[in-house]
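Take a look at the structure set out below.
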Amino acid sequence: MSEAPNSANDASSVSPTGWALLGMLSGGDELSGYDIKKWFNWTIRFFYSSPAYSQIYSELKRLEQRGLVTSRVDAGVRSRRMYKITDPGLTAVTRWANDEPVEPPTLKHNPLMRVILGHLMNPGRLREILAEHVAHVEQMHRAAATEARWAGEEPAWSYARLALRWSEEYYAAERELALQMIKDLDEVEERFAEGGEDGTKFPVRDYWYEVERRIAAEDGQA
């Protein structure tokens, strides 16, 4: 086992994915990179992006170099490298979970980016994109509901089940929002058409600056 360098307790030396990996290993069991990827795909993917195998293995290597995990080769039927959290690793991830600032979630919503660029979309294309989004969200909702149900069988997974139940409700709400947006498209397209040729100019620079001034004025009166 390599010695933990001085940076082992430095939160800035571990990436967000690295903290997630340490969290998965915090139960004490040895896990392979394949095990960790399966766990990501089973539960965490509903609310956190799932890293590729290459990223998982590179992060595990960095964690081992910092002395936060150890590894050994299990020469079984399928030779594989197994990873186990160290005491310094458990201390570091516990400190991170309790003491480090929690960043607000960031949203990168590709269907909504197409909506805001609706003036560039071909007729009917926006509806197709939103319908595809609804189908994806419905699939995620069903999967989260199934996995939340199975997680309930194991007391040790009570917190995981709580996150999965949140995911189930999140995707249900996302589905309703997308369906409502599809219903609202007729009204939006009609209103946009009222602008005629000038209505296709996006964004209108002077208007956005005027909105900014009005918002600043409102904030000053609050």
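Scanning region 59-89 for residues being modelled with pLDDT under 90 and open to solvent by less than 40 Å² (accessible area, probe 1.4 Å) gives a total of 0.
Check every one of the helices (runs of 4 or more DSSP H) wholly within region 111-222 and list those with 1 or more residues that are within 22 Å of the chain's Cα centre (by Cα) and among the hydroxyl-bearing types (Ser, Thr, Tyr).
Ranges flagged: 125-151, 158-194.
Go through (1) under 30 Å from SER26 (Cβ atoms); (2) touching a Phe, Trp or Tyr at 6+ places or on another chain (Cβ under 9 Å); (3) open to solvent by 50 Å² or more (accessible area, probe 1.4 Å); (4) of a type outside the set (Phe, Trp, Tyr) and name the single condition ALA156 misses. Just one mismatch for ALA156, condition (2).
Flag: ILE56 matches the condition of being of a type in the set (Val, Ile, Thr), at pLDDT 95 or above and assigned to a helix (DSSP H, G or I).
Scanning region 56-71 for residues that are out of contact with any helix residue (DSSP H, G or I) (no Cβ under 8 Å at 6 or more places or on another chain) and either in contact (Cβ under 8 Å) with a residue 40 or more places away in the chain or among the aliphatic types (A, V, I, L, M) (or both) yields GLU64, GLN65. The combined condition, being at pLDDT 90 or above and of a type in the set (Ser, Thr, Tyr), is fulfilled by SER32. Selection of region 41-55 for residues being free of Cβ contacts under 8 Å to residues at least 60 places away in the same chain and open to solvent by 40 Å² or more (accessible area, probe 1.4 Å) yields ASN41, ARG45, TYR48, SER49, SER50, ALA52, TYR53, SER54, GLN55.
The values are calculated or read from the model by the stated rules, or taken from the named source; none is laboratory data. Given the structure is predicted, the values throughout are model-derived calculations rather than measurements. With ideal geometry, Cβ positions are generated from the backbone for all residues, glycine too; neighbour counts draw on all protein chains shown. Note: areas computed on protein heavy atoms with side chains; ligands, DNA, RNA excluded. Shrake-Rupley method; radii C 1.70, N 1.55, O 1.52, S 1.80 Å.
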